Every structure is written in structure tokens, then in C-alpha cells.
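Here's the structure we're looking at; comments come further down.
Every number here is computed from the coordinates shown, using simple stated rules; none is lab data. Everything quoted here is computed from the prediction, not taken from an experiment. Cβ coordinates were reconstructed from backbone atoms using ideal geometry, including for glycine residues, and neighbour counts include every protein chain displayed.
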Amino acid sequence: MKQIQIGVIGVGHMGRKHVQLLSEMKDEFNLCGVYDLDEKRIRDTGYTGRIFQSEEELMENVEAVIIAAPSFLHKSLTLKAAEHNLHALVEKPLSLNAEDAAKICQRYAALDHKVLMVGHVEQFNPVVLELAKVLRDEEIIAATLERCSPMDMRISDTDVIYDLMIHDIDILLNAIFPGLLPNKMYAFGRTSYNEKNVDFVQAIFQFENRAQASIISSRTTDGKIRKINVHCKKSYIECDLFHKTIAISGKKVSIPNVEPLEAELSCFARSIAAGKTLRNSGETAVKDLEVLDGIRGMVY
């Protein structure tokens, strides 16, 4: 596989990790350069390569781009990447609503063998991968997902629905109930830090097969919680995504030591070689956002 000429836009929390990993993954990528409004923030990553002066300049000098800018810029930057005929890996969310995400997908569908992939890195968490395998042989009664974090005051452009709950909606629809959509949904939420964005949301779902699910997402806890529990007819499965553990009816399962973001980037490289998105497609992101938009409509 030849090196992919790639650039990164945005070096916040996730962009920084992309820059560091791409600098190491030389068999698959050549990191041509980085763009961020704050040049000092780029240098703080330890990156010593080329710094572009605009996203336009970067896109003119690469064949693929990682978009890790703030969420409200994802739509415009991804459409610009399509104009430059680039493969794109866009950090979640693809956009701030399903309608805009669908427009992005339509634009990429018109391109010839260009990959649009969305950065749902939890799909590459070895616990989620193992859970999906286990559930193939199980009849699911109910699932509960809990994702809680302290409030990050740097995140001001989105609420807990599009910041945290989006991860578990993606896991619910693509790892726990692949191919199914909920036919009943209820959601409740409240603000705590300001009146603009909700910081705590609980959503309850029923699926076509009568299985149920509950998701709690919070930005009000002291520490991080990343748990999934699945009630099945033959077993009870407990997962901790943060500590990377899984137990089936009390018996621990061995989990491989995998770096999820590195696995995601490798999948992006394989997708580019194949000329099609192998995982975390834009179309999948649209379905996630349709559910999230419904939750937002109930909460606000």
C-alpha cells in the first residue's frame, strides 16, 4: 500500500491525537501538514512539520484530510473537502443535524471512489468489538448504556446529546441492534451549567423485536463512567469501555490490547485503498443523527 498524503485540520483534543499517531504510522500515511487557527497549539503537539496558513492551502496539497475542528465547522469543511475531491475522515458529529449530514453524503456519493468516514472511535474499542461478536448468538432483552464525564468548559458549541450520547447511540444502532431502528422513544433532560445546552439526558427506546434500551449521558459527574450492560435470555453481559473489561455472567473475557484511534486510522487507509468506506460511513452517521435529532426535539 502506498503512503496516503494526508493533512489534519484542527488540533484540539482529538486532532492532537491524530497528529501524533499519523506521525508514527509511516507505512500508511505521510502527514503533509496541519492547519489550526492557533499555530502555538500545533507546536504544542510536538509536531515539527509543515504548518499550512489556511484549510484551503492544506486541501490543495493532500489527497486525504482529517477534520477535527469544532463541530459547527464540520459541515462547511467537509463540503470543501468534497470540492477538492479529497478522502475525508470527519470527527463526530458529521454535522449538527441529520439534514446537513445527508447533504454531505449526497455530495460524496457523486464523487468517484472517494471515502467519507466518520470518527466514531468507540466502534474500534476492543470491548465494543467483542460485545458485537458475543451478541450475535444472544437474544437481547434490554441494554443499558451510561456515559458520564465532568463538564469540559472548552466544549461550548454542542450539548451532551451531540457530545457524549452520540457515542452510545452509534453503539446501540450498530453494535447492539445492527439493522434495527427504535419504534418508540422517550427522552428527558436538564441543564446545569447554563440555560443554552442540556448537560444530563436520559433516553429510553423500544425496538421492533420488543427489546428495550436506556441511555444516560451526563456532563455533571466528578469522574468518567463508560458502561454497557446487556440483559440477554442466556446471559448478563457487563462492559466497562473506560477500563476495557467485559464479563459474561460474571466470567471475565480476554480483551486484546488495541489502540482504538490507531485501528480507526488503519481502517481509513484500507478504505481509501478499496475505494469505499469499510466502516463508520456517512450514511450510518445520518441514521445516528436522525435519532439524536428526535431526542433533541423531546428534550428542548
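Amide H contacts under 5 Å for Ala143: Gln212, Ala213, Ser214, His231, restricted to partners 5 or more places along the chain or on a different chain, H placed in the peptide plane at 1.01 Å from N.
The angle between the Cα long axis of helix 13-24 and the main principal axis of the chain comes to about 60°, on a 0 to 90 degree scale. In a DSSP loop and with at most 13 other Cβ atoms within 10 Å, the trypsin sites (Lys or Arg not before Pro) in region 233-278 are Lys233, Lys234, Lys276. Using a simple spin-label model with pseudo-atoms 7 Å out from Cα toward Cβ, Ile204 and Ala247 lie 2.7 nm apart. Classify region 33-187 as rounded, prolate or oblate from the Cα gyration tensor: take a ≥ b ≥ c as the square roots of its eigenvalues, call it rounded if a/c is under 1.5, otherwise prolate when a/b beats b/c and oblate if not. Prolate. Relative to the longest principal axis of the Cα atoms of the chain, the long axis of helix 282-299 makes an angle of roughly 60 degrees.
Compared with the direct C-alpha span, the chain from Leu111 to Asp27 gains 27.6 nm at full extension, assuming 0.36 nm per residue. Only Cα pairs under 8 Å and 6+ residues apart enter the sum, and on that basis the relative contact order of region 126-257 stands at 33 percent. In region 58-104, Rg over Rh equals 0.94, where Rg is the alpha-carbon radius of gyration and Rh the Kirkwood radius from pairwise Cα distances.
Our estimate of slack between Leu79 and Ile255, defined as 0.36 nm per intervening residue step minus the Cα-Cα distance, is 59.6 nm. Dividing the convex hull volume of the alpha carbon atoms of region 1-93 by its residue count gives 86 Å³ per residue. Annotation: the residues Lys17, Lys133, Lys114, Lys40, sorted from fewest to most other C-beta atoms within 10 Å of their own C-beta, follow the order Lys40, Lys133, Lys17, Lys114. The angle between the Cα long axis of helix 74-83 and the longest principal axis of the Cα atoms of the chain comes to about 50 degrees, rounded to the nearest 10. Quick one: longest stretch of the chain between exposed loop GluC sites (Glu not before Pro), exposed meaning at most 12 other C-beta atoms within 10 Å and loop per DSSP? The reported range is 209-300. Given R0 = 25 Å, the distance between the Cβ atoms of Glu56 and Lys196 translates into a calculated FRET efficiency of 0.20.
Beyond 18 Å, the tail of the calculated P(r) for region 115-178 holds 44 percent of the Cα pairs. The tail of the calculated P(r) for region 126-257, taken as Cα-Cα distances beyond 19 Å, holds 50 percent of the pairs. Here the gap between Lys224 and Arg41, fully extended at 0.36 nm per residue and compared with their Cα-Cα distance, gives a gain of 63.3 nm. Put in order of Cβ neighbour count within 10 Å, fewest first, the listed residues Met1, Met298, Met59 become Met1, Met298, Met59.
Hey, could you grab the Kirkwood Rh for the chain? Inverse mean 1/r over distinct alpha carbon pairs, Å, one decimal. So the Kirkwood estimate lands at 19.9 Å.
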